[in-house]
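Report on the following structure.
The values are calculated or read from the model by the stated rules, or taken from the named source; none is laboratory data. Everything numeric here is computed off the predicted structure, so don't read it as measured data. A quick note on method: Cβ atoms are made from the backbone with ideal geometry, for glycine too, and the neighbour counts reach across all protein chains shown. Ligands, DNA and RNA are stripped out before the accessible areas are found, and what is left, the full protein with its side chains, is counted by its heavy atoms. Shrake-Rupley method; radii C 1.70, N 1.55, O 1.52, S 1.80 Å.
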Amino acid sequence: MPRFVRYLTPLVAFLALAGVLFKGLSLDPRKVPSPLIDKPAPAFSLTRLKEPEVILSNTDLKGKVTLFNVWATWCVACRAEHPVLMQLARSGKVNIYGLNYKDEREAAKQWLSRFGDPYIANAFDADGRVGIDWGVYGTPETFIVDQQGVIPVSYTHLRAHETKTRISVSG
């Protein structure tokens, strides 16, 4: 093997790796690469958190731009995101539904009593199966569902200064 090839190979490999890493710097770490983007929201039917005798399903998310927020009481980032959801709920500009993920029903109800309840309703996903169907990476994760029930975008950890743009772009 010629001597220049021995030195050229690591250089080419380094430049290729540097190019991939540089491209990664331009990506939004809160925009989740979901296979559900531009596809209908997955079907689900779960009991409501506060009203276990009532069912919440994916059909409840249709008709208006809706935020479907996956959260849990054990999630520290969910606590940090919660004021943003409360602000959105007060604005009345978007319907917010929740998916309480891998949690205890009573703990979740107490958490909402303590910090406020921005949700129209919450589905209770104790075993996390619906979260898996939605491709949840972790909590918090928010899916924007359009009027037809299609998911144009999903995000992790909503922030107040970004929320207005995200909803107006998606809605």
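Assess whether W111 counts as being over 22 Å from V150 (Cα atoms) and aromatic (F, W, Y). So W111 passes the test. I'm trying to understand the selection: among the residues of region 119-150, which are in contact with a strand residue (DSSP E or B) (Cβ under 6 Å, 6 or more places away or on another chain), open to solvent by 10 Å² or more (accessible area, probe 1.4 Å) and either free of Cβ contacts under 8 Å to residues at least 12 places away in the same chain or in a loop (DSSP other than H, G, I, E, B) (or both)? Y119, I120, V136, T139 - these are the residues of region 119-150 that are in contact with a strand residue (DSSP E or B) (Cβ under 6 Å, 6 or more places away or on another chain), open to solvent by 10 Å² or more (accessible area, probe 1.4 Å) and either free of Cβ contacts under 8 Å to residues at least 12 places away in the same chain or in a loop (DSSP other than H, G, I, E, B) (or both). Report whether or not L88 is open to solvent by less than 30 Å² (accessible area, probe 1.4 Å), at pLDDT below 95, within 15 Å of W71 (Cβ to Cβ) and hydrophobic (A, V, I, L, M, F, W, C). When the stated conditions are applied, L88 passes them.
Does T59 qualify as being part of a helix (DSSP H, G or I), under 26 Å from the mean Cα position of the chain (by Cα) and at pLDDT 80 or above? In short, yes.
Across region 37-56, the qualifying residues are those that are out of contact with any Phe, Trp or Tyr (no Cβ under 9 Å at 6 or more places or on another chain), under 16 Å from V145 (Cβ atoms) and in a loop (DSSP other than H, G, I, E, B), and the one among them that is least open to solvent (accessible area, probe 1.4 Å) is I37. Does T59 fit the bill of being closer than 21 Å to P152 by Cα, among the hydroxyl-bearing types (S, T, Y) and open to solvent by 30 Å² or more (accessible area, probe 1.4 Å)? Considered against the rule, which asks whether it is closer than 21 Å to P152 by Cα, among the hydroxyl-bearing types (S, T, Y) and open to solvent by 30 Å² or more (accessible area, probe 1.4 Å), T59 comes out as yes. The residue list G116, G98 contains one member that is more than 20 Å from D60 (Cβ to Cβ), modelled with pLDDT of 95 or more and open to solvent by less than 40 Å² (accessible area, probe 1.4 Å), which is G116.
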